[in-house]
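The values are calculated or read from the model by the stated rules, or taken from the named source; none is laboratory data. These numbers were taken from a predicted model, which means no experiment stands behind them. Note: ideal-geometry Cβ built from the backbone for every residue, glycine included; neighbour counts use all protein chains shown.
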(Lines give C-alpha, C1' and ligand atoms only; values in the text may rest on other atoms or scores of the structure.)
Protein backbone atom coordinates (compact mmCIF):
# COMPACT_ATOMS: atom_id res chain seq x y z
CA UNK A 1 0.00 0.00 0.00
CA UNK A 2 1.28 3.48 -0.87
CA UNK A 3 1.67 5.42 2.37
CA UNK A 4 0.49 8.65 0.77
CA UNK A 5 -2.74 6.94 -0.27
CA UNK A 6 -3.49 6.32 3.41
CA UNK A 7 -3.93 10.07 3.97
CA UNK A 8 -7.58 11.10 3.76
CA UNK A 9 -8.24 12.12 0.15
CA UNK A 10 -10.73 14.76 1.24
CA UNK A 11 -7.92 16.93 2.64
CA UNK A 12 -7.02 19.63 0.13
CA UNK A 13 -3.79 20.61 1.92
CA UNK A 14 -1.46 18.03 3.41
CA UNK A 15 1.18 19.76 5.57
CA UNK A 16 4.25 17.87 6.69
CA UNK A 17 5.22 17.76 10.35
CA UNK A 18 8.28 19.68 11.55
CA UNK A 19 11.04 17.91 13.47
CA UNK A 20 10.14 18.00 17.17
CA UNK A 21 6.53 19.14 16.59
CA UNK A 22 3.77 18.32 19.06
CA UNK A 23 1.12 16.03 17.55
CA UNK A 24 -1.76 18.04 18.98
CA UNK A 25 -0.32 21.24 17.50
CA UNK A 26 0.23 19.52 14.17
CA UNK A 27 -3.47 18.57 13.96
CA UNK A 28 -4.44 22.19 14.59
CA UNK A 29 -2.08 23.25 11.81
CA UNK A 30 -3.61 20.68 9.42
CA UNK A 31 -7.19 21.73 10.21
CA UNK A 32 -6.31 25.41 9.77
CA UNK A 33 -4.62 24.74 6.41
CA UNK A 34 -7.81 23.05 5.20
CA UNK A 35 -10.15 25.77 6.50
CA UNK A 36 -11.76 23.58 9.16
CA UNK A 37 -13.34 24.96 12.33
CA UNK A 38 -11.12 22.97 14.71
CA UNK A 39 -9.00 19.79 14.80
CA UNK A 40 -12.11 17.82 15.78
CA UNK A 41 -13.41 18.45 12.26
CA UNK A 42 -10.69 16.14 10.95
CA UNK A 43 -12.89 13.25 12.09
CA UNK A 44 -15.42 14.12 9.39
CA UNK A 45 -12.77 13.85 6.65
CA UNK A 46 -11.59 10.43 7.78
CA UNK A 47 -8.46 11.24 9.78
CA UNK A 48 -7.69 8.33 12.14
CA UNK A 49 -5.61 9.14 15.19
CA UNK A 50 -4.71 5.52 16.03
CA UNK A 51 -3.78 4.53 12.50
CA UNK A 52 0.02 4.81 12.07
CA UNK A 53 -0.38 4.97 8.26
CA UNK A 54 -2.31 8.22 8.64
CA UNK A 55 0.71 9.73 10.37
CA UNK A 56 3.65 8.18 8.58
CA UNK A 57 2.23 9.38 5.26
CA UNK A 58 2.84 12.95 6.51
CA UNK A 59 6.61 12.49 6.60
CA UNK A 60 8.08 13.19 10.03
CA UNK A 61 6.15 11.65 12.92
CA UNK A 62 4.86 14.32 15.35
CA UNK A 63 5.52 13.68 19.05
CA UNK A 64 3.28 13.19 22.03
CA UNK A 65 -0.28 12.01 22.70
CA UNK A 66 -3.57 13.47 21.51
CA UNK A 67 -6.27 14.20 24.07
CA UNK A 68 -9.77 15.65 23.99
CA UNK A 69 -10.42 14.99 20.29
CA UNK A 70 -12.58 11.88 20.47
CA UNK A 71 -11.60 9.21 17.94
CA UNK A 72 -8.45 11.19 17.08
CA UNK A 73 -6.98 10.51 20.52
CA UNK A 74 -3.83 8.43 20.70
CA UNK A 75 -1.45 7.39 23.52
CA UNK A 76 1.83 9.14 24.23
CA UNK A 77 4.17 6.57 22.75
CA UNK A 78 7.91 7.19 22.80
CA UNK A 79 8.05 5.28 26.12
CA UNK A 80 7.16 8.44 28.02
CA UNK A 81 4.30 7.89 30.51
CA UNK A 82 1.08 9.77 29.76
CA UNK A 83 1.15 11.49 33.18
CA UNK A 84 4.17 13.52 32.02
CA UNK A 85 2.11 15.15 29.28
CA UNK A 86 -0.33 18.00 29.89
CA UNK A 87 -2.54 18.87 26.94
CA UNK A 88 -5.69 20.22 28.58
CA UNK A 89 -4.31 23.67 27.83
CA UNK A 90 -1.90 24.83 25.14
CA UNK A 91 1.36 26.38 26.37
CA UNK A 92 3.70 28.38 24.21
CA UNK A 93 6.55 30.83 24.04
CA UNK A 94 5.29 33.85 22.04
CA UNK A 95 8.79 34.68 20.83
CA UNK A 96 9.40 31.14 19.56
CA UNK A 97 6.10 31.23 17.66
CA UNK A 98 7.17 34.51 16.06
CA UNK A 99 10.43 32.96 14.91
CA UNK A 100 8.94 29.67 13.69
CA UNK A 101 5.16 29.06 13.77
CA UNK A 102 4.81 25.49 15.03
CA UNK A 103 4.11 23.97 18.46
CA UNK A 104 7.23 22.52 20.09
CA UNK A 105 6.77 18.99 21.45
CA UNK A 106 8.46 19.74 24.80
CA UNK A 107 5.86 22.45 25.47
CA UNK A 108 3.39 19.62 25.98
CA UNK A 109 5.36 18.15 28.90
CA UNK A 110 3.80 18.94 32.28
CA UNK A 111 7.04 20.36 33.74
CA UNK A 112 8.00 22.43 30.72
CA UNK A 113 7.16 25.89 32.08
CA UNK A 114 9.74 28.20 30.54
CA UNK A 115 11.72 28.88 27.37
CA UNK A 116 15.45 28.56 27.96
CA UNK A 117 16.24 30.31 24.65
CA UNK A 118 14.43 33.53 25.56
CA UNK A 119 14.44 33.28 29.38
CA UNK A 120 10.69 33.74 29.78
CA UNK A 121 7.80 31.73 31.22
CA UNK A 122 5.50 29.85 28.89
CA UNK A 123 1.97 31.27 28.68
CA UNK A 124 -1.25 29.27 28.74
CA UNK A 125 -3.72 32.18 28.81
CA UNK A 126 -4.53 34.89 26.34
CA UNK A 127 -4.50 38.57 27.34
CA UNK A 128 -8.31 38.37 27.28
CA UNK A 129 -8.12 36.00 30.25
CA UNK A 130 -9.21 32.86 28.39
CA UNK A 131 -7.23 29.63 28.63
CA UNK A 132 -5.51 28.59 25.43
CA UNK A 133 -7.46 25.58 24.16
CA UNK A 134 -6.88 23.29 21.22
CA UNK A 135 -10.46 23.72 19.98
CA UNK A 136 -9.81 26.79 17.84
CA UNK A 137 -9.54 27.43 14.16
CA UNK A 138 -6.09 29.03 13.92
CA UNK A 139 -2.76 27.98 15.37
CA UNK A 140 -1.47 31.48 16.14
CA UNK A 141 -4.71 33.13 17.19
CA UNK A 142 -6.88 32.91 20.29
CA UNK A 143 -10.64 32.46 19.92
CA UNK A 144 -10.95 36.15 20.78
CA UNK A 145 -8.79 37.07 17.76
CA UNK A 146 -5.64 37.98 19.73
CA UNK A 147 -2.37 37.09 18.01
CA UNK A 148 -0.53 34.69 20.34
CA UNK A 149 2.82 35.99 19.09
CA UNK A 150 2.02 39.34 20.67
CA UNK A 151 1.33 37.99 24.17
CA UNK A 152 3.54 39.33 26.95
CA UNK A 153 5.51 36.91 29.10
CA UNK A 154 7.36 37.33 32.40
CA UNK A 155 11.00 36.49 32.98
CA UNK A 156 11.55 32.98 34.32
CA UNK A 157 13.44 32.20 37.52
CA UNK A 158 16.92 30.66 37.47
CA UNK A 159 15.53 27.39 38.90
CA UNK A 160 12.86 27.13 36.20
CA UNK A 161 15.37 27.85 33.43
CA UNK A 162 17.85 25.33 34.82
CA UNK A 163 15.34 22.49 34.75
CA UNK A 164 13.85 23.64 31.44
CA UNK A 165 17.26 23.36 29.77
CA UNK A 166 17.64 19.85 31.16
CA UNK A 167 14.15 18.91 29.92
CA UNK A 168 14.79 20.34 26.44
CA UNK A 169 18.09 18.46 26.07
CA UNK A 170 16.62 15.19 27.32
CA UNK A 171 13.46 15.52 25.22
CA UNK A 172 15.45 16.21 22.05
CA UNK A 173 17.22 12.88 22.59
CA UNK A 174 13.96 11.18 23.53
CA UNK A 175 12.32 12.10 20.20
CA UNK A 176 14.99 10.10 18.41
CA UNK A 177 13.59 6.59 18.09
CA UNK A 178 17.06 5.02 18.24
CA UNK A 179 18.06 6.75 21.49
CA UNK A 180 16.94 4.57 24.39
CA UNK A 181 19.30 6.42 26.70
CA UNK A 182 17.62 9.74 25.94
CA UNK A 183 14.17 8.33 26.71
CA UNK A 184 15.41 6.91 30.01
CA UNK A 185 17.11 10.20 30.94
CA UNK A 186 13.96 12.23 30.29
CA UNK A 187 11.76 9.83 32.29
CA UNK A 188 14.19 9.82 35.21
CA UNK A 189 14.40 13.62 35.22
CA UNK A 190 10.62 13.99 35.21
CA UNK A 191 10.30 11.49 38.05
CA UNK A 192 12.81 13.44 40.17
CA UNK A 193 11.07 16.76 39.54
CA UNK A 194 7.71 15.17 40.37
CA UNK A 195 8.93 13.68 43.66
CA UNK A 196 10.92 16.68 44.92
CA UNK A 197 8.26 19.16 43.81
CA UNK A 198 5.59 17.20 45.69
CA UNK A 199 7.56 17.58 48.93
CA UNK A 200 8.51 21.24 48.48
CA UNK A 201 5.95 23.37 46.67
CA UNK A 202 3.42 20.53 46.82
CA UNK A 203 3.15 20.90 50.62
CA UNK A 204 4.16 17.29 51.15
CA UNK A 205 1.46 15.89 48.86
CA UNK A 206 1.87 12.27 47.93
CA UNK A 207 3.68 11.88 44.64
CA UNK A 208 0.83 9.98 43.02
CA UNK A 209 -1.73 12.61 44.02
CA UNK A 210 0.06 15.67 42.66
CA UNK A 211 -2.51 17.28 40.36
CA UNK A 212 -3.53 20.39 38.40
CA UNK A 213 -0.30 20.29 36.42
CA UNK A 214 -2.20 21.44 33.34
CA UNK A 215 -2.20 24.87 35.03
CA UNK A 216 1.11 26.46 34.10
CA UNK A 217 1.24 28.43 37.37
CA UNK A 218 0.82 25.25 39.43
CA UNK A 219 3.41 23.38 37.37
CA UNK A 220 5.79 26.35 37.70
CA UNK A 221 5.58 26.22 41.50
CA UNK A 222 6.44 22.50 41.44
CA UNK A 223 9.35 23.01 39.04
CA UNK A 224 10.78 25.92 41.04
CA UNK A 225 10.46 23.93 44.27
CA UNK A 226 12.31 20.99 42.76
CA UNK A 227 14.79 23.37 41.13
CA UNK A 228 15.75 24.93 44.45
CA UNK A 229 16.73 21.47 45.66
CA UNK A 230 18.49 20.29 42.51
CA UNK A 231 20.35 23.57 41.87
CA UNK A 232 21.93 23.45 45.35
CA UNK A 233 22.50 19.74 45.60
CA UNK A 234 22.91 18.12 48.09
CA UNK A 235 22.76 20.83 50.78
CA UNK A 236 19.23 21.92 49.82
CA UNK A 237 18.14 18.27 49.87
CA UNK A 238 19.54 17.92 53.39
CA UNK A 239 17.63 21.04 54.44
CA UNK A 240 14.45 19.53 52.98
CA UNK A 241 14.99 16.37 55.03
CA UNK A 242 15.66 18.46 58.15
CA UNK A 243 12.40 20.34 57.60
CA UNK A 244 10.43 17.12 57.26
CA UNK A 245 12.11 15.71 60.37
CA UNK A 246 11.23 18.78 62.44
CA UNK A 247 7.54 18.38 61.62
CA UNK A 248 7.43 14.81 62.89
CA UNK A 249 5.58 14.07 66.13
CA UNK A 250 7.97 13.67 69.11
CA UNK A 251 7.06 10.01 69.64
CA UNK A 252 7.86 9.29 65.97
CA UNK A 253 11.00 11.40 65.65
CA UNK A 254 13.27 8.43 66.27
CA UNK A 255 11.85 6.22 63.51
CA UNK A 256 13.11 6.90 60.01
CA UNK A 257 10.15 5.45 58.13
CA UNK A 258 7.64 7.33 60.30
CA UNK A 259 9.49 10.64 59.92
CA UNK A 260 10.07 10.66 56.16
CA UNK A 261 6.94 8.70 55.25
CA UNK A 262 5.98 8.92 51.58
CA UNK A 263 9.32 10.45 50.55
CA UNK A 264 11.19 7.52 52.08
CA UNK A 265 8.90 4.97 50.46
CA UNK A 266 9.15 6.63 47.04
CA UNK A 267 12.94 6.92 47.09
CA UNK A 268 13.23 3.18 47.61
CA UNK A 269 10.46 2.26 45.17
CA UNK A 270 11.44 -0.56 42.83
CA UNK A 271 9.46 1.05 39.99
CA UNK A 272 11.76 4.11 39.81
CA UNK A 273 14.89 2.56 41.29
CA UNK A 274 17.29 4.11 38.77
CA UNK A 275 15.52 7.48 38.65
CA UNK A 276 16.02 8.00 42.38
CA UNK A 277 19.54 6.59 42.68
CA UNK A 278 21.09 10.04 43.27
CA UNK A 279 18.46 10.77 45.92
CA UNK A 280 19.23 7.54 47.75
CA UNK A 281 22.97 8.22 47.66
CA UNK A 282 22.41 11.66 49.19
CA UNK A 283 20.00 10.18 51.74
CA UNK A 284 22.70 7.73 52.84
CA UNK A 285 25.06 10.66 53.45
CA UNK A 286 22.33 12.47 55.38
CA UNK A 287 21.75 9.45 57.60
CA UNK A 288 25.46 9.14 58.34
CA UNK A 289 26.02 12.79 59.18
CA UNK A 290 22.77 14.49 60.22
CA UNK A 291 20.09 11.99 61.19
CA UNK A 292 19.75 12.01 64.99
CA UNK A 293 17.43 9.05 65.27
CA UNK A 294 18.32 5.41 65.49
CA UNK A 295 19.32 3.28 62.52
CA UNK A 296 18.31 -0.34 62.91
CA UNK A 297 20.49 -3.03 61.36
CA UNK A 298 17.35 -4.71 60.08
CA UNK A 299 16.83 -1.74 57.72
CA UNK A 300 18.07 -3.44 54.55
CA UNK A 301 17.23 -0.48 52.34
CA UNK A 302 20.16 1.56 53.56
CA UNK A 303 23.73 1.03 52.52
CA UNK A 304 25.73 -1.06 55.00
CA UNK A 305 28.14 1.83 55.47
CA UNK A 306 25.30 4.13 56.53
CA UNK A 307 24.44 1.82 59.39
CA UNK A 308 28.02 1.24 60.48
CA UNK A 309 29.12 4.88 60.14
CA UNK A 310 25.97 6.47 61.54
CA UNK A 311 27.19 9.17 63.93
CA UNK A 312 24.41 8.59 66.49
CA UNK A 313 24.71 5.37 68.50
CA UNK A 314 21.80 3.87 70.48
CA UNK A 315 22.38 4.26 74.22
CA UNK A 316 22.08 0.53 74.81
CA UNK A 317 24.99 -0.14 72.42
CA UNK A 318 27.04 2.80 73.71
CA UNK A 319 26.57 1.76 77.34
CA UNK A 320 27.77 -1.72 76.47
CA UNK A 321 30.95 -0.28 74.95
CA UNK A 322 31.59 1.84 78.03
CA UNK A 323 30.77 -0.91 80.47
CA UNK A 324 27.98 1.24 81.93
CA UNK A 325 24.30 0.72 82.46
CA UNK A 326 21.92 2.55 80.10
CA UNK A 327 20.32 4.78 82.80
CA UNK A 328 23.77 6.00 83.78
CA UNK A 329 24.58 7.03 80.21
CA UNK A 330 21.21 8.79 79.85
CA UNK A 331 21.99 10.80 82.97
CA UNK A 332 25.38 11.66 81.47
CA UNK A 333 23.60 12.95 78.37
CA UNK A 334 21.21 15.06 80.43
CA UNK A 335 24.17 16.38 82.46
CA UNK A 336 25.94 17.42 79.24
CA UNK A 337 28.86 15.03 79.63
CA UNK A 338 28.24 13.79 76.10
CA UNK A 339 26.05 14.94 73.21
CA UNK A 340 22.90 12.94 72.80
CA UNK A 341 19.12 12.87 72.70
CA UNK A 342 16.73 11.30 75.18
CA UNK A 343 13.18 10.84 73.89
CA UNK A 344 10.39 9.72 76.18
CA UNK A 345 7.68 7.86 74.27
CA UNK A 346 3.96 7.85 75.16
CA UNK A 347 4.26 4.14 75.93
CA UNK A 348 6.66 4.95 78.76
CA UNK A 349 9.72 3.66 76.92
CA UNK A 350 12.79 5.79 76.42
CA UNK A 351 14.72 5.91 73.14
CA UNK A 352 18.12 7.59 73.34
CA UNK A 353 21.20 8.08 71.22
CA UNK A 354 24.70 9.42 71.88
CA UNK A 355 27.08 11.00 69.39
CA UNK A 356 29.75 8.58 68.19
CA UNK A 357 32.59 11.14 68.45
CA UNK A 358 31.72 11.94 72.06
CA UNK A 359 31.39 8.24 72.81
CA UNK A 360 34.85 7.53 71.41
CA UNK A 361 36.32 10.43 73.35
CA UNK A 362 34.62 9.29 76.52
CA UNK A 363 35.92 5.75 76.02
CA UNK A 364 39.44 7.06 75.50
CA UNK A 365 39.13 9.53 78.35
CA UNK A 366 37.84 7.11 80.94
CA UNK A 367 40.82 4.85 80.40
CA UNK A 368 42.75 7.46 82.35
CA UNK A 369 40.16 8.08 85.07
CA UNK A 370 41.03 7.35 88.71
CA UNK A 371 38.85 6.92 91.77
CA UNK A 372 38.96 8.85 95.05
CA UNK A 373 41.54 6.49 96.51
CA UNK A 374 43.83 7.17 93.58
CA UNK A 375 43.40 10.91 94.17
CA UNK A 376 44.48 10.48 97.78
CA UNK A 377 47.60 8.64 96.67
CA UNK A 378 48.57 11.24 94.06
CA UNK A 379 47.95 14.24 96.31
CA UNK A 380 49.12 12.49 99.49
CA UNK A 381 46.05 13.55 101.40
CA UNK A 382 43.48 11.70 103.45
CA UNK A 383 40.10 10.49 102.28
CA UNK A 384 38.17 12.88 104.54
CA UNK A 385 40.04 15.85 103.19
CA UNK A 386 39.58 14.65 99.62
CA UNK A 387 35.79 14.41 100.10
CA UNK A 388 35.76 17.93 101.51
CA UNK A 389 37.62 19.18 98.45
CA UNK A 390 34.96 17.55 96.26
CA UNK A 391 32.24 19.38 98.21
CA UNK A 392 34.14 22.66 97.83
CA UNK A 393 34.52 21.95 94.06
CA UNK A 394 38.29 22.06 94.20
CA UNK A 395 38.30 18.47 93.10
CA UNK A 396 35.96 18.19 90.14
CA UNK A 397 34.79 14.68 89.27
CA UNK A 398 33.71 13.61 85.81
CA UNK A 399 31.59 10.75 87.12
CA UNK A 400 29.80 10.11 90.38
CA UNK A 401 26.46 9.94 92.19
CA UNK A 402 25.34 13.49 91.42
CA UNK A 403 26.76 13.54 87.90
CA UNK A 404 25.83 10.35 86.06
CA UNK A 405 24.50 8.16 88.84
CA UNK A 406 27.69 6.15 89.21
CA UNK A 407 28.31 4.82 92.71
CA UNK A 408 32.05 5.59 92.49
CA UNK A 409 33.64 9.04 92.09
CA UNK A 410 35.92 9.29 89.09
CA UNK A 411 38.47 12.00 88.29
CA UNK A 412 40.68 12.82 85.34
CA UNK A 413 44.27 11.92 86.15
CA UNK A 414 45.56 14.91 84.16
CA UNK A 415 43.47 17.29 86.31
CA UNK A 416 44.70 15.72 89.55
CA UNK A 417 48.32 15.86 88.40
CA UNK A 418 47.89 19.54 87.53
CA UNK A 419 46.48 20.18 91.00
CA UNK A 420 49.35 18.24 92.57
CA UNK A 421 51.92 20.29 90.65
CA UNK A 422 50.23 23.42 91.93
CA UNK A 423 50.36 22.17 95.52
CA UNK A 424 53.90 20.96 95.39
CA UNK A 425 55.04 24.32 94.05
CA UNK A 426 54.97 25.59 97.63
CA UNK A 427 51.39 26.77 98.11
CA UNK A 428 49.82 24.76 100.95
CA UNK A 429 46.44 26.54 100.89
CA UNK A 430 44.71 23.56 99.42
CA UNK A 431 41.33 24.61 100.71
CA UNK A 432 41.38 27.71 98.53
CA UNK A 433 43.12 26.14 95.57
CA UNK A 434 41.54 25.69 92.16
CA UNK A 435 42.65 23.75 89.15
CA UNK A 436 44.72 25.83 86.73
CA UNK A 437 43.09 24.03 83.81
CA UNK A 438 40.23 22.41 85.66
CA UNK A 439 37.34 21.20 83.60
CA UNK A 440 33.81 20.80 84.85
CA UNK A 441 31.46 17.93 84.38
CA UNK A 442 31.12 18.82 80.66
CA UNK A 443 34.80 18.25 79.99
CA UNK A 444 34.20 15.39 77.61
CA UNK A 445 31.85 17.38 75.41
CA UNK A 446 33.57 18.74 72.29
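When the test is whether a residue is in the same structural domain as residue 330 (by TED's automatic domain parsing), under 51 Å from the mean Cα position of the chain (by Cα) and not in a helix (DSSP H, G or I), residue 408 does not pass it.
Checking the stretch 82-99 against the condition returns no match, with no residue being within 25 Å of the chain's Cα centre (by Cα) and at pLDDT 95 or above. In the condition set (1) surrounded by 15 or more Cβ atoms within 10 Å (Cβ to Cβ); (2) in contact (Cβ under 8 Å) with a residue 24 or more places away in the chain; (3) not in a strand (DSSP E or B), residue 333 is compliant with all but (2). If you check residue 227 against the conditions, is it surrounded by 13 or more Cβ atoms within 10 Å (Cβ to Cβ), modelled with pLDDT of 90 or more and touching a helix residue (DSSP H, G or I) at 6+ places or on another chain (Cβ under 7 Å)? The answer is yes for residue 227.
The number of residues in the stretch 99-157 that are under 22 Å from residue 36 (Cα atoms) and in a helix (DSSP H, G or I) comes to 2.
All of 221, 236 fail the test of being within 11 Å of the chain's Cα centre (by Cα) and free of Cβ contacts under 8 Å to residues at least 40 places away in the same chain, apart from 236. Residue 200 falls short on exactly one of the conditions (1) part of a loop (DSSP other than H, G, I, E, B); (2) in the same structural domain as residue 286 (by TED's automatic domain parsing), and that condition is (2). Per the conditions (1) modelled with pLDDT of 90 or more; (2) assigned by TED's automatic domain parsing to the domain that holds residue 157, the sole criterion not satisfied by residue 241 is (2). Residue-level check: of (1) touching a strand residue (DSSP E or B) at 6+ places or on another chain (Cβ under 9 Å); (2) within 15 Å of residue 192 (Cα to Cα), residue 291 misses just (2). Within the stretch 145-160, the presence of at least one residue that is under 30 Å from residue 268 (Cα atoms) and out of contact with any strand residue (DSSP E or B) (no Cβ under 6 Å at 6 or more places or on another chain) is confirmed. Return a yes/no flag: does the stretch 163-172 have any residue that is buried (at least 21 other Cβ atoms within 10 Å of the Cβ), more than 20 Å from residue 24 (Cα to Cα) and touching a residue at least 60 places away in the same chain (Cβ under 8 Å). Checked the stretch 163-172: at least one residue is buried (at least 21 other Cβ atoms within 10 Å of the Cβ), more than 20 Å from residue 24 (Cα to Cα) and touching a residue at least 60 places away in the same chain (Cβ under 8 Å).
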